[in-house]
Amino acid sequence: MIEKTITLIKKYKYVALVLLVGIGLLLIPSGETEEVKAPTLAENNDEEYINQLQTQLCDMLGRISGAGKVEVMLTAEYGSRTEYHTDLQLDRDADGSSEERKTVILSEGSAYDKAAVSAVRYPQFLGALVICQGADVPSVKLDILNAVSALTGLGTDRITVVKMN
């Protein structure tokens with residue numbers, strides 16, 4: 001009996017060694033732990049986005065030759081919107097047809113599931129007010145109008161540039 005066990009161990013010693021090393025590697029922690037967090041509702045990021053954009057606009061417009069000190073105010077029509085992928089299923093009955101829409105869900109492992117996002121729409125701007133020291137110079141005013149229009153997507157009729165005190 002002991003001789004059989006010894007011959008089996010000698011015969012399969014490399015297989016047993018590989019199995020033991022594999023089990024040992026599985027038991028050793030990798031050092032990197034990934035913390036899975038459930039998605040949280042967006043806090044008032046629209047206001048932060050608009051404030052950040054206003055600050056960046058002030059910085060950029062202030063670099064225009066002759067503009068001087070610049071302040072910008074943007075107004076938005078609506079906040080950011082998230083659009084989700086949906087599956088459309090049409091069922092045709094004898095009476096007519098019915099339609100069912102389901103949001104596509106992506107599984108992130110066993111921790112949580114989340115909806116598949118097709119697009120995120122940022123705030124749509126209604127208008128802009130730019131107050132700057134160099135607004136009395138027509139070429140500076142035109143440069144500011146064109147810059148704000150290019151960066152916000154607003155038409156020049158929705159942008160007002162006035163001189164600062």
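The values are calculated or read from the model by the stated rules, or taken from the named source; none is laboratory data. What you see is a predicted model; the values in this text were computed from it and never measured. Every residue, glycine as well, gets a Cβ built from its backbone with ideal geometry; the counts of neighbours run over all protein chains shown.
Quick grid of which residues meet (1) of a type in the set (D, E); (2) within 30 Å of E71 (Cα to Cα); (3) surrounded by 10 or more Cβ atoms within 10 Å (Cβ to Cβ); (4) at pLDDT 80 or above:
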{"position": "I2", "(1), (2), (3), (4)": "no, no, no, yes"}
{"position": "T7", "(1), (2), (3), (4)": "no, no, yes, yes"}
{"position": "L17", "(1), (2), (3), (4)": "no, no, yes, yes"}
{"position": "L20", "(1), (2), (3), (4)": "no, no, yes, yes"}
{"position": "K37", "(1), (2), (3), (4)": "no, no, no, no"}
{"position": "T40", "(1), (2), (3), (4)": "no, no, no, no"}
{"position": "D46", "(1), (2), (3), (4)": "yes, yes, yes, no"}
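Going through the range 109-143 one residue at a time, which ones are touching a residue at least 60 places away in the same chain (Cβ under 8 Å) and out of contact with any helix residue (DSSP H, G or I) (no Cβ under 6 Å at 6 or more places or on another chain)?
G109, A111, Y112, K114, Y122, I131, C132, Q133, V137, S139, V140, D143
Among the residues of the range 132-144, which ones are of a type in the set (A, V, I, L, M) and under 14 Å from R63 (Cα atoms)?
A135, V140, I144
Here is a yes/no grid of residues against (1) modelled with pLDDT of 95 or more; (2) not hydrophobic (A, V, I, L, M, F, W, C):
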site	(1), (2)
E77	no, yes
Y84	no, yes
D95	no, yes
S98	no, yes
L126	no, no
C132	yes, no
V148	yes, no
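Kindly indicate the residue of the range 113-153 that is among the hydrophobic types (A, V, I, L, M, F, W, C) and assigned to a loop (DSSP other than H, G, I, E, B) and also farthest from S65 (Cα to Cα) among those meeting that condition.
So the residue we want is A116.
Could you give me the residue pairs with C-beta distances under 6 Å whose first residue belongs to the range 56-75 and is free of Cβ contacts under 8 Å to residues at least 60 places away in the same chain and assigned to a strand (DSSP E or B), whose second residue is of a type outside the set (K, R) and buried (at least 16 other Cβ atoms within 10 Å of the Cβ) wherever it lies, and which are 6+ apart or on separate chains?
T75/G127
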